[in-house]
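Beneath this line is the structure, given in structure tokens, with notes to follow.
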Amino acid sequence: MIGIHYAQRQTGAALLIFFLILFTTSAAVLLRAVNNANFGLAVANNARQEMVLAKQTLLAFAMNNGELMTGGTPGRFPCPDSDNDADGLPNLPCVAISRLPRRIDTNTGGPFYISDEGLENGQRFWFAVSPAYRQNSMVTLNSNTNGTLTLDGIDDIVAIIVAPGDALAGQTRHNNTASNYLESTNVGGSSFISSLPANPTAFNDRVLPIYRHEVMTLVTARVVREIRRVLDLYHPANGNTYPADEPAFQAALAAAAPPLPTWFTANSWNTVTNYAFVNTNSFTLNFVGCEIEYTVTFGSPDITRDQFSCEVSP
């Protein structure tokens, strides 16, 4: 079993870094889709590293969205920066693909920085987000919400970072036109490719996806913390035991005081959460669309899980 120690709630960069170290996948996994054959010739090593860092930062933002943004929901990502102006902020309406925001203004009173890579030469990263996972979306978002982007035919991707290579024949820079930076179907911001075998000299994008299972590995852990808070108050108030079954569990969530966060109910997390009573001092949780089973034990600071990622184990 994998043990996780949850610190008390904090704000700011320390919280984001703490949870990111605990939950985000290894750099090797993060890089597995950055596989353009010309990648090593097209960009410096620090640009590859910056793509990974940008992905990690976006994952941290998504998991802590409920605290960082007014009316926020864990799992949501910023819209692209479509006007490419000096402030580097996301823009509304949320377009299919444009620049990765440099920063996001949060409700904590300070900016959340993402990436300045490519700022000096006009080749900032480009960014696309599935509609349901966008900051301005009103669609229900929980562990069962599919990503709608694809990469090389692989689906269930919620966001994609693209690093443009040097300008190719027919591309004119610097401007705000995707086709002057990106190639083939990547321009559309929905169906991405990482190479163009039929004409490799006409393609030099580098593509890094964020899969639903990566997002929900983080977000379900966040949800478990909230449920545990409620049930750890329920336990001593109800004969030193956790709810005996699923109906009692649902009733405990509905009657929680203080209540669960607004985003929990608004995004129907109770409908995708499966509760199982183990004994008076222990219960398990799993979520539709996520393969992790979490175990909570009363009085223990640790929450265990049977696998690291929401992704189906091989």
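The values are calculated or read from the model by the stated rules, or taken from the named source; none is laboratory data. Everything numeric in this text was worked out from a predicted model, so none of it was measured. Every residue, glycine as well, gets a Cβ built from its backbone with ideal geometry; the counts of neighbours run over all protein chains shown.
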The residue that is nearest to Thr57 (Cα to Cα), considering only those in the stretch 131-146 that are assigned to a loop (DSSP other than H, G, I, E, B) and touching a Phe, Trp or Tyr at 6+ places or on another chain (Cβ under 7 Å), is Gln135
Among Gly109, Gly153, which is touching a strand residue (DSSP E or B) at 6+ places or on another chain (Cβ under 9 Å) and in the same structural domain as Ala62 (by TED's automatic domain parsing)?
-> Gly153
Would you mind telling me which numbered condition in (1) in a loop (DSSP other than H, G, I, E, B); (2) of a type outside the set (A, V, I, L, M, F, W, C); (3) modelled with pLDDT of 95 or more Pro314 fails?
-> (3)
Go through the stretch 122-144 and give me each residue that's among the β-branched types (Val, Ile, Thr) and buried (at least 20 other Cβ atoms within 10 Å of the Cβ).
-> Val129
Is one or more of the residues making up the stretch 112-121 among the acidic types (Asp, Glu), surrounded by fewer than 20 Cβ atoms within 10 Å (Cβ to Cβ), assigned to a loop (DSSP other than H, G, I, E, B) and at pLDDT 95 or above?
-> no
Give the residues of the stretch 173-183 that are at pLDDT 95 or above and either among the aliphatic types (A, V, I, L, M) or surrounded by fewer than 23 Cβ atoms within 10 Å (Cβ to Cβ) (or both), sorted by residue number.
-> Thr177, Ala178, Ser179, Asn180, Leu182, Glu183
Identity of the residue in the stretch 235-292, among the aliphatic types (A, V, I, L, M) and in a loop (DSSP other than H, G, I, E, B), that ends up surrounded by the fewest Cβ atoms within 10 Å (Cβ to Cβ) = Ala257
The listed residue being free of Cβ contacts under 8 Å to residues at least 12 places away in the same chain and not basic (Lys, Arg), out of Pro236, Pro243, Pro261 | Pro236
Among the candidates Val272, Val278, Val219, Val215, residue that is farther than 30 Å from Gln123 by Cα and touching a helix residue (DSSP H, G or I) at 6+ places or on another chain (Cβ under 7 Å) | Val219
By residue number, the members of the stretch 150-174 that are in a loop (DSSP other than H, G, I, E, B) and farther than 16 Å from Phe127 by Cα are Asp152, Gly153, Asp166, Ala167, Leu168, Ala169, Gly170, Gln171, Thr172, Arg173, His174
Tell me which residues, restricted to the stretch 184-206, are of a type outside the set (Lys, Arg), in contact with a helix residue (DSSP H, G or I) (Cβ under 7 Å, 6 or more places away or on another chain) and buried (at least 21 other Cβ atoms within 10 Å of the Cβ).
-> Phe192, Phe203, Asn204, Asp205
Search result, residues across the stretch 73-130 that are closer than 16 Å to Met63 by Cα and touching a His at 6+ places or on another chain (Cβ under 6 Å) = none
Before we move on, is Arg229 in contact (Cβ under 8 Å) with a residue 60 or more places away in the chain, surrounded by fewer than 21 Cβ atoms within 10 Å (Cβ to Cβ), out of contact with any Gly (no Cβ under 9 Å at 6 or more places or on another chain) and part of a helix (DSSP H, G or I)?
-> no
